[in-house]
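The values are calculated or read from the model by the stated rules, or taken from the named source; none is laboratory data. Nothing here was measured: the structure is a model prediction, and the numbers come from that model. Cβ coordinates were reconstructed from backbone atoms using ideal geometry, including for glycine residues, and neighbour counts include every protein chain displayed.
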Amino acid sequence: MTNIDEPAAGHQQRYQAALDMAEYADRHGFAAISCEEHHLSGTGWLPSPLLLAAAIAARTRQAGVSISALLIPLYDPVRLAEDIAVLDNLSGGRLAIVAGMGYRPAEYAAMGRDWAQRGQLMDTALEVMLAAWGDAPFEYNGTLINVTPKPCTRPHPLLFVGGMTAAAARRAARFGLPYSPPMSMPSLEALYLRELEVHGHQGFVHRPEPGSRITLLHENPDAAWTEFGPYILNEAREYGSWRRAGLPRPNEASVDSVERVRAHGYAEILTPEQLLAHIAGGRTEIIVNPLIGGLPVEAGWACLRLLGDEVLPRIEAAQGSAHTDSRTTKGVPA
């Protein structure tokens, strides 16, 4: 099968659609709209999550705006603290960030960062950002500085430490920040809780719902797999090409056909009725990616509208209010 290196629509159309979809999601009661950071990707999505998050914040009023994950070792830490503070003010405190280190040496090379120093870069960035958001000036590179503006969320925006290693769990505890593994990792979660006690900090673990995956909606899933499958495969293959030995990641698969990616469960395509049945069975999280792998914008809109116009109103009618955490995630899952 031929690779789909470029999305079906041009980049301008896709980025504009992302903003329009975010506004639609906000109007229809979605809990959060998520960005992520990937450099050098085949579909061009998404090297500038702070820019997109700011644009989304300006187009929305209620939904949370998250970046999961933001690769903080790739940034100047003072400038990053400033950008996040401005973004938190723009969003009115709706911002949440998962601080990630990344797992691709090519991204570090492209940004002029030393892959071998990534742990130290991560620690320095967290130290500087937390100090910058504090009320008092602090010393940085031999100079006393006071970073302004301060975030509107005090003491700082919701900031998780992400990661899939013991070092990530220890880092989160050491800084007194919540830990966000990309999937259930009981041994690391237990390590994090033990380390919190050692450092005298409080915190918590946030992880996706078990079995969580990208959900797309269509009235005829079999037909949709014929139409959407090559784009889902495109994304799954690119994500799989970034694997590193010894580093587990959610939904990682070696797939070379639509049939195999469908059988693996990287994504699911459901009818509205099927999704409603899942929710009735206890499912509380829906993650949709209406631009997955370069999916044509029109198809993405059709999927999103089935959720916003067909599924969510029926949940509200049945329950009196929507208890579902419905999140739009645009781009390759982090």
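Criterion first (more than 18 Å from A32 (Cα to Cα) and either in a loop (DSSP other than H, G, I, E, B) or modelled with pLDDT of 95 or more (or both)) does P248 satisfy it?
yes
How many residues does region 207-219 hold that are more than 28 Å from F160 (Cβ to Cβ) and not in a loop (DSSP other than H, G, I, E, B)?
1
With a cut-off of at least 2 residues that are buried (at least 18 other Cβ atoms within 10 Å of the Cβ), name the strands (runs of 3 or more DSSP E) lying wholly within region 123-205.
158-162
Among the listed residues R94, R61, R14, identify the single one that is among the charged types (D, E, K, R) and surrounded by fewer than 16 Cβ atoms within 10 Å (Cβ to Cβ).
Within the list R94, R61, R14, the selection yields R61.
For region 225-239, name all the residues that are under 19 Å from the mean Cα position of the chain (by Cα) and either among the basic types (K, R) or surrounded by fewer than 18 Cβ atoms within 10 Å (Cβ to Cβ) (or both).
Listed by number, the list holds a single entry, R237.
Would you be able to tell me the number of residues in region 106-122 that are loosely packed, with under 14 Cβ neighbours inside 10 Å, in a helix (DSSP H, G or I) and without any contact (Cβ under 8 Å) to a residue 60 or more places away in the chain?
So the count comes out to 4.
Does any residue in region 187-213 that is at pLDDT 95 or above come within less than 9 Å, Cβ to Cβ, of a residue that is among the charged types (D, E, K, R) and in a loop (DSSP other than H, G, I, E, B) six or more places away or on a different chain, and which pairs are these?
Final answer for the pair search is E189/R207.
Does R260 satisfy the condition of being surrounded by fewer than 16 Cβ atoms within 10 Å (Cβ to Cβ), out of contact with any helix residue (DSSP H, G or I) (no Cβ under 6 Å at 6 or more places or on another chain), of a type in the set (K, R) and assigned to a helix (DSSP H, G or I)?
So R260 passes the test.
Pairs under 6 Å by beta carbon, first residue touching a residue at least 24 places away in the same chain (Cβ under 8 Å) and surrounded by 19 or more Cβ atoms within 10 Å (Cβ to Cβ) in region 270-291, partner among the small types (G, A, S) and part of a strand (DSSP E or B), six or more apart or different chains?
I286/S326
Consider D222 against the criteria (1) assigned to a helix (DSSP H, G or I); (2) surrounded by 17 or more Cβ atoms within 10 Å (Cβ to Cβ); (3) not hydrophobic (A, V, I, L, M, F, W, C): it satisfies all of them except one. Which criterion is unmet?
With (1) assigned to a helix (DSSP H, G or I); (2) surrounded by 17 or more Cβ atoms within 10 Å (Cβ to Cβ); (3) not hydrophobic (A, V, I, L, M, F, W, C) applied to D222, the lone miss is (2).
Restricting attention to region 93-110, which residues are more than 20 Å from Y239 (Cβ to Cβ) and in contact with a helix residue (DSSP H, G or I) (Cβ under 8 Å, 6 or more places away or on another chain)?
Within region 93-110, R94, L95, I97, A99 meet the criteria.
Pull up region 41-51, narrow it to residues that are in contact with a helix residue (DSSP H, G or I) (Cβ under 7 Å, 6 or more places away or on another chain) and at pLDDT 95 or above, then point me to the one that is farthest from L158 (Cα to Cα).
So the residue we want is L46.
Condition first: among the small types (G, A, S) and touching a residue at least 24 places away in the same chain (Cβ under 8 Å). Now tell me which residues in region 123-156 satisfy that.
Passing the criteria: A125, A132.
Condition test on P73, is it buried (at least 22 other Cβ atoms within 10 Å of the Cβ) and either out of contact with any strand residue (DSSP E or B) (no Cβ under 7 Å at 6 or more places or on another chain) or at pLDDT below 95 (or both)?
Criteria met by P73.
Which one of these is out of contact with any Asp or Glu (no Cβ under 7 Å at 6 or more places or on another chain), within 16 Å of A18 (Cα to Cα) and at pLDDT 95 or above: A63, A85, A55, A81?
That would be A55, the only listed residue that is out of contact with any Asp or Glu (no Cβ under 7 Å at 6 or more places or on another chain), within 16 Å of A18 (Cα to Cα) and at pLDDT 95 or above.
What about E235, is it under 26 Å from Q13 (Cα atoms), touching a helix residue (DSSP H, G or I) at 6+ places or on another chain (Cβ under 6 Å) and of a type in the set (D, E, K, R)?
Here the answer is yes, as E235 does meet what is asked.
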